[in-house]
1. Under DSSP H, which helices of the chain have Cα atoms covering 24 Å or more of the helix axis and a Kyte-Doolittle average no less than 0.5?
2. Kindly provide log₁₀ I(q)/I(0) values, in the same order as q = 0.16, 0.17, 0.19 Å⁻¹, from the Debye equation applied to equal alpha-carbon scatterers of the chain.
3. Would you please name the GluC sites (Glu not before Pro) within the range 16-104 that are DSSP coil residues with at most 16 other C-beta atoms within 10 Å of their C-beta?
4. Where in the range 43-101 are there trypsin sites (Lys or Arg not before Pro) that are in a DSSP coil and have at most 16 other Cβ atoms within 10 angstrom of their Cβ?
5. Tabulate in residue order the Karplus-calculated ³J(HN,Hα) for the range 137-154, using 6.51 cos²θ - 1.76 cosθ + 1.60 with θ = phi - 60°, rounded to whole Hz; enter x for Gly and Pro.
6. Tally the DSSP beta bridges in the chain and give the antiparallel ones as a percent, rounded to 5.
7. Show log10 I(q)/I(0) for the range 16-95 at q = 0.20, 0.26 Å⁻¹, two decimals, from a solvent-free Debye sum over equal Cα scatterers.
8. With each run of n ≥ 4 DSSP H residues scored as -39500 (n - 2.57), what mean residue ellipticity at 222 nm is computed for the chain after dividing by its residue count and rounding to the nearest 500 deg cm²/dmol?
Amino acid sequence: MNPLYAVVLLAAMIPACASACPDLLNHKFTTLQGGQLDLCRHAGKPILVVNTASKCGYTPQFAKLEALSGKYKDKLLVVGFPSNDFNQELATNREIAEFCKLTYAIEFPMVEKAAVTGPGAMPFYRELRAATGQAPEWNFHKYLIAPDGKTVFSFATAVEPDSRELLGKLAPMIK
């Protein structure tokens, strides 16, 4: 193949690939594990987004989140968003990463600590609020983004990751 033709062909494909990412998923994050998380790379599968805190009464939900992530490893992305919005998170990203790994053996991606509520909320969480009309009222609020990257379900803190309510929405999305 002519190299110039290959470059032109590749360039023609880039806009099509870029436009395939729904706006809501057009976000990249640095993880506590030291990598990059590009939500566009997970378009087409459900994404469970959870604002977390290490010193909360709901922190044991980490175990159920990890179990869900492990059970549906290639079919579901679980992402933790540590936040100190409710004054229950550790001081540094390193402390959070160590706590999650040592206490709950967390393998799913956890992004760097940021605000998820109020005017200082990260843009991604502002978009989740706009999509559902609901902002986190406490730690471990959950958003389930459907594979289309547009439909979003919101679950209050007390809704456990293995609850009938959450799994009822997730099950039809897992193929």
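The values are calculated or read from the model by the stated rules, or taken from the named source; none is laboratory data. Keep in mind that this is a model prediction, so the values were computed, not measured. A quick note on method: Cβ atoms are made from the backbone with ideal geometry, for glycine too, and the neighbour counts reach across all protein chains shown. Each accessible area value is taken on the protein alone, full model and side chains, heavy atoms only, with ligands, DNA and RNA left out. Shrake-Rupley method; radii C 1.70, N 1.55, O 1.52, S 1.80 Å.
1. 3-19
2. -0.92, -1.03, -1.28
3. Answer by residue number: there is no such site.
4. The qualifying sites are 55, 73, 75.
5. Once θ is set to phi - 60°, the couplings for the range 137-154 become 9, 6, 5, 6, 6, 10, 10, 10, 8, 5, x, 6, x, 10, 7, 10, 10, 10 Hz.
6. Roughly 65 percent of the beta bridges in the chain run antiparallel, per DSSP.
7. Summing over Cα pairs of the range 16-95 leads to -1.02, -1.32.
8. -10000 deg cm²/dmol
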